[in-house]
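> Can you read through this structure? Questions will come right after.
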DNA sequence: GATTTTTTTTATATCGTTCCAAAAATGAGG
DNA sequence: CCTCATTTTTGGAACGATATAAAAAAAATC
């Protein structure tokens, strides 16, 4: 377990001061080239490993960034995580990962743990039901924070997400273009900003197209595959007639697909289904999912990029950013069954 | 950005020494109950946040553990990550996440970054082609390390993985029980330990059942959905007749399924398919995948548990642990088509 | 060669905690 | 009340780096 090599050891081995060594290892331009080279060689040769904890104690920057998501087993969050990690890896930052599984207590523990680790900043997909209060710590401590894909009302924090309203709007317009007579929104946590926004887009489209409210149905709650399955079974039991389904997200859509597979209804022909997210596997389903691409990896990258900007002090004012999304037409809407619809 | 609250501040506010405060916050039993309570209340009231970097500088324990996987976008690694994180979260450890995407240089950067963060230990799913040399740093620095699901030859490190040999063996025996006349192994990185082991299990089964070597085919390389798709197209072009396919893993199997969907062959009827892993979505595919359950979350948990043991000094001798797996019969093998096979 | 300017190096204090050994307080036994 | 054992508290060094300001060395100017 031989004692660790420190900058002092390098300094001693060369007869220079540890200040000089520190400067070299920080990549400072102040030190003479010849000296720099000597130091680097000695560091290499001695097997020196930079000690970030020690450095951060004095410099007040850890290079650690926290990422808190629901669960990486959910492909959407996995893609988000992937995007974040990809960007930050290149920037030589270290990612502390936490998963709250929609448990507020777990989320609280995670945030606290990351504060103890003195993360320079934090990217959070807040758990359902997170209140402004739950984030008060972040505000009083003034930790650079970006909320990702889920907003919290009455709180002044940066937010990056997809434009849910326009996404849902485009999707529902397309459903209606397929001559579907009624529209059903399946899944999602009713009352959350994300659900409200999708509902708003849906409503705007149905109103524009004069679909009476009686022909619009909202079926919550839950954003899992299982809940998509269950809700659809309910729906089938209550009777389906030429409907257009907007799935809260792809995961829910997979459950919907599963339930319909066991029924007499054929997706695309008897009904149209469009969801939101465009996770990687959605194009491989049968039928391939028509879905609104929110580009999760890009969302992750943008959040990470944004966070670094905030940390660098270049974004004083809290911003809310909606990334554009794009309706991807595949099979589940019915575009391969009847004539294509623009 | 008001200055931070330190243990000294708590101490001053109560007129005790910072040593006492430190003891309380470490949960030491040495301090009197009344004092403990005072300190805890004051800490709470002042909004104190423990500084782990400072603590670890002196105590030489960071509570940070590194996890390096290929990519969390791959559901198998996501489930592994989930298991690890779940276990360590409860143990109050912080997980530093890294993804190498099978890039050796990236992996090297990640390992180095984690060493700089002074992780107490490391769980690694090594990138393809990782040599003993690439891990020499870990050995000389004597960092507690667990290799997860992928072995590296000629290196003395703890390893936890699934029993590939028996998994492949059981799967292939089942394929043969379905009266499939030839056996094809699709996907995987040929030459890696994991591939060799699965091949060994396959070979043992085919030899036992007197399938001549001429009726056994190995199709590498690649462990992605796309490679499964491509290899299967090749296979179809070269002609299929009553074959049993062992897919290297579920992801590859998804590609295989995709390619066959476009062909005249029906999985289960014209051929049998069994894969390895049992990722969550495999039961939802059409047909549902028959697959060898390796229980990825459990592998992750066990790796984490094991790592903590090693860190605690309770596992001096390097161990290689194979977790049991279990063949899960669903549809893709054909058990729903013809009579069930035991 | 003396003076000024620029480049390079360094000494010292400091970050917030834990460790250690010793001091102080408390309790028990006579 | 004194002694001894036990419990509780404490001061100060230490961990390994960075920041700061000043010193030393080198280069430029006259």
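Values quoted throughout were computed directly from the atomic coordinates according to the rules given, and no laboratory measurement underlies them. A quick note: this is a predicted structure, and the numbers were derived from the prediction, not measured. Quick reminder, even Gly has a Cβ in these numbers, built from the backbone with ideal geometry, and neighbours come from all protein chains shown.
> Go through region A:288-312 and give me each residue that's in contact (Cβ under 8 Å) with a residue 60 or more places away in the chain and more than 20 Å from the chain's Cα centre (by Cα).
Selection gives A:290 alone.
> Could you tell me which residue of region B:35-54 is surrounded by the most Cβ atoms within 10 Å (Cβ to Cβ), considering only residues that are more than 9 Å from chain A (Cβ to nearest Cβ) and within 10 Å of DNA strand C (Cβ to nearest atom)?
B:43
> Kindly establish whether residue B:92 is in contact with a helix residue (DSSP H, G or I) (Cβ under 6 Å, 6 or more places away or on another chain), more than 8 Å from DNA strand C (Cβ to nearest atom) and within 24 Å of residue B:308 (Cβ to Cβ).
Spelling it out, it is not the case that residue B:92 is in contact with a helix residue (DSSP H, G or I) (Cβ under 6 Å, 6 or more places away or on another chain), more than 8 Å from DNA strand C (Cβ to nearest atom) and within 24 Å of residue B:308 (Cβ to Cβ).
> Considering only residues that are surrounded by fewer than 17 Cβ atoms within 10 Å (Cβ to Cβ), more than 8 Å from every other protein chain (Cβ to nearest Cβ) and more than 25 Å from residue A:190 (Cβ to Cβ), which ones fall in region A:78-111?
Matches in region A:78-111: A:90, A:91.
> Here is a list of conditions, (1) in contact with a helix residue (DSSP H, G or I) (Cβ under 9 Å, 6 or more places away or on another chain); (2) outside any helix (DSSP H, G or I); (3) surrounded by 24 or more Cβ atoms within 10 Å (Cβ to Cβ), and residue A:172 meets all of them except one; can you say which number that is?
(2)
> Does residue B:31 satisfy being more than 33 Å from the chain's Cα centre (by Cα), crowded, with 22+ Cβ neighbours inside 10 Å and more than 8 Å from chain A (Cβ to nearest Cβ)?
Criteria not met by residue B:31.
> Any idea how many residues of region A:3-28 are within 8 Å of DNA strand D (Cβ to nearest atom), surrounded by fewer than 16 Cβ atoms within 10 Å (Cβ to Cβ) and closer than 20 Å to residue B:113 by Cβ?
Of the residues in region A:3-28, 2 are within 8 Å of DNA strand D (Cβ to nearest atom), surrounded by fewer than 16 Cβ atoms within 10 Å (Cβ to Cβ) and closer than 20 Å to residue B:113 by Cβ.
> Now a separate question. Give the number of residues within region A:1-29 that are within 12 Å of DNA strand C (Cβ to nearest atom), more than 26 Å from residue B:61 (Cα to Cα) and assigned to a loop (DSSP other than H, G, I, E, B).
5
Conditions (1) at positive phi; (2) surrounded by 18 or more Cβ atoms within 10 Å (Cβ to Cβ), marked per residue:
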| residue | (1), (2) |
| --- | --- |
| B:241 | no, no |
| B:270 | no, no |
| B:273 | no, yes |
| B:277 | yes, yes |
| B:284 | no, no |
| B:294 | no, yes |
| B:304 | no, yes |
| B:311 | no, no |
| B:322 | no, no |
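> Next up: Which of the residues that make up region B:68-77 are touching a helix residue (DSSP H, G or I) at 6+ places or on another chain (Cβ under 6 Å) and more than 8 Å from chain A (Cβ to nearest Cβ)?
Matches in region B:68-77: B:68, B:69, B:70, B:76.
> Oh, and also: Of the residues B:315, B:331, B:285, B:337, which single one is touching a residue at least 40 places away in the same chain (Cβ under 8 Å) and within 30 Å of residue B:65 (Cβ to Cβ)?
Checking each option against the conditions leaves just B:315.
> While we're looking at this one, here's another question. Can you name the number of the only condition in (1) closer than 30 Å to residue B:253 by Cβ; (2) within 11 Å of another protein chain (Cβ to nearest Cβ) that residue B:60 fails?
With (1) closer than 30 Å to residue B:253 by Cβ; (2) within 11 Å of another protein chain (Cβ to nearest Cβ) applied to residue B:60, the lone miss is (1).
> Mind checking which strands (runs of 3 or more DSSP E) fall wholly inside region B:42-147 and carry at least 3 residues that are in contact (Cβ under 8 Å) with a residue 40 or more places away in the chain?
In region B:42-147, the matching strands (runs of 3 or more DSSP E) lie at B:64-69, B:121-124.
> Just a yes or no: is a residue in region B:217-224 within 14 Å of chain A (Cβ to nearest Cβ), surrounded by fewer than 22 Cβ atoms within 10 Å (Cβ to Cβ) and at negative phi?
Within region B:217-224 (the criterion being within 14 Å of chain A (Cβ to nearest Cβ), surrounded by fewer than 22 Cβ atoms within 10 Å (Cβ to Cβ) and at negative phi), the answer is yes, since at least one residue qualifies.
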